[in-house]
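See below for the structure under consideration.
Just so you know, all these numbers are worked out from the coordinates, no wet-lab data involved. Since the structure is predicted, the reported quantities are computational estimates derived from the model, not experimental observations. Positions of Cβ are generated from backbone atoms using ideal geometry, with glycine treated the same way; all protein chains shown enter the neighbour counts.
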Amino acid sequence: MSLTPSKGNSLQVRDLEVRYGSQPVVHSVSLTIDHAQIGCLLGPSGCGKSTLLRAIAGLELAARGEIKLGDRVLTDGRTNVVTEDRHIGMVFQDIALFPHLTVSQNIAFGLKKHSREAKRERVSYLLDLVGLPGIEERYPNSLSGGQQQRIALARALAPKPKTLLMDEPFSGLDATLKETLVPDIRAILVKEQITALVVTHDQMEAFALADKVAVMNQGVIEQSDSPYVIYHQPATRFVADFIGQGYFLPATVLNSNQINTDLGVLDLPEPTDYATDTQVDVLLRPDDVLHNDDSNYQGMIVGKQFKGTYFQYQVQLSNGRSLMCIASSHHNHSIGQLIGIRLDLDHIMLFNPESVTLQWMQGVRA
Amino acid sequence: MAISTLQRNKRRNYLGWLAILSALALSAPVLIIASYGFTNAADVWLHLWHTVLIDYVRDSLLLMLGVAIGVLLLGVSTAWLTSRCEFPFRRVLSLLLLLPMAMPGYIIAYSYSGLLDFAGPVQTWIRNVSGLRYGQYWFPEIHSLGGAIVVLSLVLYPYVYLMTRAAFLSQSTSLMDVSRSLGRTPLNAFFTVILPMSRPAIVAGLSLALMETLADYGTVQFYGISTFTTGIFRTFYGFGDVAAASQLAAMLLGFVFLLIALEKYSRRRVGYFSSSEQASSDYRARLSLPLAAVSVLCCLLPVLFGFLLPAGVLLYWSLSSNEWHSADFFHIAGHSLMLAALAAFVAVLLALVMAYAIRQGKGRLLRFSVQTASLGYALPGTIIAIGVVIGFAWLDHHLVPVFESTFNIQFGLLFSGTLVALVFAYTVRFLAVSLGAVQSGLSAIKPSVDYSARLLGRRPVQILREIHLPLLRSTVLTAFLIVFVDVLKELPATLILRPFNFNTLAVRAYELASDERLMDAAPAALMIVLVGLIPVFLLNRSITKS
């Protein structure tokens, strides 16, 4: 953001490839997390995100490519710094506290060269930071899952690592605990000005935590940007599909400025490159389809969920296609009823079913 | 600073190969015997068939059948009472019921023989009280198949008891409640619901008890029964016929494999039948006073006859024996403890090598060889000993001459009839024990713990010292102790493989008992029993902890 970007402890991955045997699991991945920024690797299980993280930590050997931390090369074609010399902190999915050591011994484990006094000070500072003061002498098995995760974070932060990696740190915790822990941990990372990279398969977690989200699929980063852009401007069909509740409404290109859908003709804000009569898909989120009694288009309610402040209806059009539709919580309709619906898009995403990329345009009205 | 990880990968392979080589070496005796099952030795078979084989098969099967009934009756009933009923002394009794595990079959056989044979105190008392003389009254003959079945059942039922009790405890008590709400009586529900659900666990415990029965030599030899193990000894020593002994061993191996298959099959179903998601409750039926008294008796009798009485007899004899005054006894005890410690050390060391190799690599050859080497625990010591005899004789005749001609030194017999052979056989037999303990300890140290330590700047050697050593210390110690005690109790392999004039406590007890000097055999036997209590206490602790 500043005019003279200081690299500081930025994490730079360039053209990285990691293989299991002859099988590449991470293909030519490039990714930069700026100093003191929090990045999230988001993707379905088996997409290579954990492998990428482990390669950064030096727990997997890169077959090709470069990893740099600030100005320091961790691995490239010629050198490879071993894990213990990388000065990277890491928090694991299964927490992995040392069960035979007390909380304070766990946190001080990475502080070898410090004096006893300095160790005690650092431990007590970190316990305050993670919100668990005064439990120095307890053993890990006497702590709850959330407490253990906080201690694991404190342990990883203790030696002031140049970057912090977290591998699915919240997946073992229950939903209510996550809701308080995730923002807490973001606050801690921001306060400590630490460059972090977090692996998760949970997009809400990624959105709550990250400055930058990289969506991974089959060993490739499909898109890497701010959570807002990832959600509203997915670069690929996979990202559009994977992020948010989305579905595709088929449409036909009428001319370069109009497409025809089941819910009427849409005027495009800018001309499309697709030829007339091309079959395209429009990405819809549930909040893009609204209940409106005045609409010319009607659908039959086949399912409904009460979400407190609103209803989410599943409606079926006369041609059998079914859509999600949001209505205010006062509009309590019953299953089987016909209701009017209309499109309310403030931007439009067109996909050609044969290609993976999409055309994005702002400001549409049906 | 920048050491390539590639170098480290190479170092790992050394450990893997070391593990594979030692596992293959330990598998050799089993494979040698198994190969005899496939050799064409029709004339040997025909000879055995015409002479002794039918006896061996019949007596072995009858013994297994009898022991099966005995351990099921004792094990299942006590398991049910201690897990699902409430009566006075229940907690104490549930632990005491494990005590007979400390009593090797051949030692309880000596006690009852001394107690119940013609000259023993029981029959003497009957004669004194009734005035009858030999032949004028009926008394069961302890030196018989029936006698062997009873004494073996008394020390082997804890296998069934342990497994069944765990199964009962894991079952939700609501099963019983549901059955009763559907109109079943408690007894009916026990037989139609609870027992069928626990069958896999019961069968698993039963097959362990039967493996021990097949492996037994001391009891059947002393009671004069012709089973496979006594047959192998007779063929090997009496006729000096290694080939025929190996054929018998191969056939016995077939029986053992059947039991292993049975055990593995039922273990697979143990998980299937247990309902882990249901929280099992601690509910126990309160018994009326007469029923409670019967329950106490039911749980006390196996402890009394399986441990307290025979141990008491041994203690009584020991106090009146002269054995304590013989320097020989302490000499032998020292030998025994040293040998057991040596074998336990080797077994634990190899277990560590294999467990770490498995933890680091996924090689199929590694897994296969370690699995084969672990089979030893299910195998009778007799089989292993014969396999070792054959294998080491081959080494002495083929390998040593090569050394001798290379280095121009006379070695003589390097392997056969030395302590090397004995320690090797013990390691084959008990590797699975140490390996199991070490692996379970190691599995508690997740790989991410290692990674965390490395990320916090520790070298692999430092991780071993600061993380693994403190975390593994108690499991390694436990593994060492259990192997130590098992080696101390081991009889048949020791008899076959011990160097000339080298005695252990087990052999001493066996020799004196065979000479009808039961009183002098008692001190050695008592010492084995007392040391045997160590693993029982360890087991108790792990049960009460969980």
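In deg cm²/dmol and to the nearest 500, what is the mean residue ellipticity at 222 nm of chain B if only DSSP H runs of at least 4 residues count, each as -39500 (n - 2.57), divided by the residue total?
On the way: 26 runs with 397 residues, N = 546.
Taking each H run of at least 4 residues, the total per residue is -24000 deg cm²/dmol.
Based on the Cβ-Cβ distance of B:ILE54 and B:LEU31, what FRET efficiency does E = 1/(1 + (r/R0)^6) give at R0 = 30 Å, to the nearest 0.05? Walk me through the intermediate numbers first.
Working: r = 28 Å, r/R0 = 0.94.
That pair, B:ILE54 with B:LEU31, gives E of 0.60.
Please state the relative contact order of the stretch A:96-233 as a whole percent: Cα pairs under 8 Å, 6+ residues apart?
Details: 151 pairs, mean separation 26.9, N = 138.
Across the stretch A:96-233, relative contact order equals 20 percent.
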Q.
Relative contact order of chain B, please, whole-number percent, based on alpha carbon pairs below 8 angstrom and at least 6 residues apart.
A. 23 percent
Q: Find which of B:ILE528, A:PHE248, B:GLY391 sits farthest along the positive direction of the dipole of the protein assembly as shown, computed with +1 on the beta-carbon of Lys and Arg, -1 on that of Asp and Glu, about the Cα centre.
A: B:ILE528
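Do any chymotrypsin sites (Phe, Trp or Tyr not before Pro) in the stretch B:407-499 lie in a DSSP loop with no more than 13 other beta carbon atoms within 10 Å, and if so, which? Each step should come with its number before you reach the end.
Working: sites: B:PHE407, B:PHE411, B:PHE415, B:PHE424, B:TYR426, B:PHE430, B:TYR451, B:PHE480, B:PHE484; in loops: B:PHE411, B:PHE415.
Taking the stretch B:407-499 and a limit of 13 other Cβ atoms within 10 Å, the loop chymotrypsin sites (Phe, Trp or Tyr not before Pro) found are B:PHE411.
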Q: Go through the stretch B:442-533 and name the trypsin sites (Lys or Arg not before Pro) that are in a DSSP coil and have 16 or fewer other Cβ atoms within 10 Å of their Cβ.
A: B:ARG517
Q: Choose one answer from A:LYS178, A:LYS112, A:LYS160: the residue with the largest mean-square fluctuation in a GNM of chain A with alpha-carbon springs under 10 Å.
A: A:LYS112
Q | Relative contact order of chain A, pairs being alpha-carbon contacts under 8 Å that are 6 or more residues apart, as % | A | 15 percent
Q. In whole Å, how far is the Cα centre of the stretch A:296-312 from that of the stretch B:180-220?
A. 58 Å
Q. For chain B, list the DSSP H helices whose alpha carbon atoms reach 24 Å or more along the long axis and whose average Kyte-Doolittle value is 0.5 or above?
A. B:5-36, B:54-84, B:145-170, B:195-215, B:242-273, B:327-360, B:419-443, B:469-489, B:518-545
Q: Quick one: angle between helix A:116-129 and the longest Cα principal axis of chain A, in degrees between 0 and 90, rounded to 10, please.
A: 20 degrees
(Q) Nearest 10 degrees is fine. How inclined is helix A:175-191 to the longest principal axis of chain A, computing both from alpha carbons? (A) 60 degrees
Q: Could you list which residues have their amide H under 5 Å from that of A:HIS347, counting only those 5 or more apart in sequence or on another chain, with H placed in the peptide plane?
A: A:GLY363, A:VAL364
Q: Net charge near B:ALA189: determine it from the other residues with C-beta under 13 Å of the C-beta of B:ALA189, scoring Lys and Arg +1 and Asp and Glu -1.
A: +2
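Return the calculated 222 nm mean residue ellipticity for chain A, to the nearest 500 deg cm²/dmol, obtained by summing -39500 (n - 2.57) across DSSP H runs with n ≥ 4 and dividing by the residue count. Present the calculation step by step, with values, prior to reporting the outcome.
Numbers: 8 runs with 77 residues, N = 366.
That comes out to -6000 deg cm²/dmol.
Say the cut-off is 28 Å between C-alpha atoms; which of A:LYS49/A:LYS113; A:LYS49/A:LYS191; A:LYS191/B:LYS446 go over it? Don't skip to the end; give the middle numbers.
On the way: A:LYS49/A:LYS113 34 Å; A:LYS49/A:LYS191 26 Å; A:LYS191/B:LYS446 31 Å.
From the list (A:LYS49/A:LYS113; A:LYS49/A:LYS191; A:LYS191/B:LYS446), the Cα-Cα distance tops 28 Å for A:LYS49/A:LYS113; A:LYS191/B:LYS446.
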Q) Once both axes come from the Cα atoms, what is the angle between helix A:145-157 and the longest principal axis of chain A, in degrees from 0 to 90, rounded to 10? A) 60 degrees
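Mind checking the stretch B:92-168 for trypsin sites (Lys or Arg not before Pro) that DSSP puts in a loop (not H, G, I, E or B) and that have at most 15 other Cβ atoms within 10 Å?
Values: sites: B:ARG127, B:ARG133, B:ARG165; in loops: B:ARG133.
The qualifying sites are B:ARG133.
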